[in-house]
């Protein structure tokens, strides 16, 4: 037995989806207006001022161009002068000293 009537459904959608567009022009202008600080110059070791004495190492560095935007330095170092096979040398971790305000530091 066939049904007496048929029910058909059509989605109400159009090919023009402009009503669903989002305007990001204001955000784009804001992002394009952001200015970032340039990367500072790389410090160079002042080897004439570096010293090793009585289990302490004094490290000094200079900048080619003074940069007033630098407020501190980070020094990374690891121990390398030790006895043993090469594999053990690689197991010594890098140590980090942060917040150095001068262009010299002494490691003990």
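Is it fair to say residue 52 is in a strand (DSSP E or B), free of Cβ contacts under 8 Å to residues at least 12 places away in the same chain and surrounded by 11 or more Cβ atoms within 10 Å (Cβ to Cβ)?
Spelling it out, residue 52 is indeed in a strand (DSSP E or B), free of Cβ contacts under 8 Å to residues at least 12 places away in the same chain and surrounded by 11 or more Cβ atoms within 10 Å (Cβ to Cβ).
If you take the residues in the range 55-100 that are in a loop (DSSP other than H, G, I, E, B) and closer than 16 Å to residue 44 by Cα, which one is modelled with the lowest pLDDT?
That would be 67.
Step by step: first the residues of the range 31-46, then only those that are more than 18 Å from the chain's Cα centre (by Cα) and surrounded by 10 or more Cβ atoms within 10 Å (Cβ to Cβ), then the one that is farthest from residue 73 (Cα to Cα). Which residue is that?
46
Determine whether residue 104 is surrounded by 10 or more Cβ atoms within 10 Å (Cβ to Cβ), in contact with a strand residue (DSSP E or B) (Cβ under 9 Å, 6 or more places away or on another chain) and modelled with pLDDT of 95 or more.
Yes: the conditions hold for residue 104.
The values are calculated or read from the model by the stated rules, or taken from the named source; none is laboratory data. Since the structure is predicted, the reported quantities are computational estimates derived from the model, not experimental observations. Using ideal geometry, Cβ is built from the backbone for each residue, glycine included, and neighbour counts are taken over all protein chains shown.
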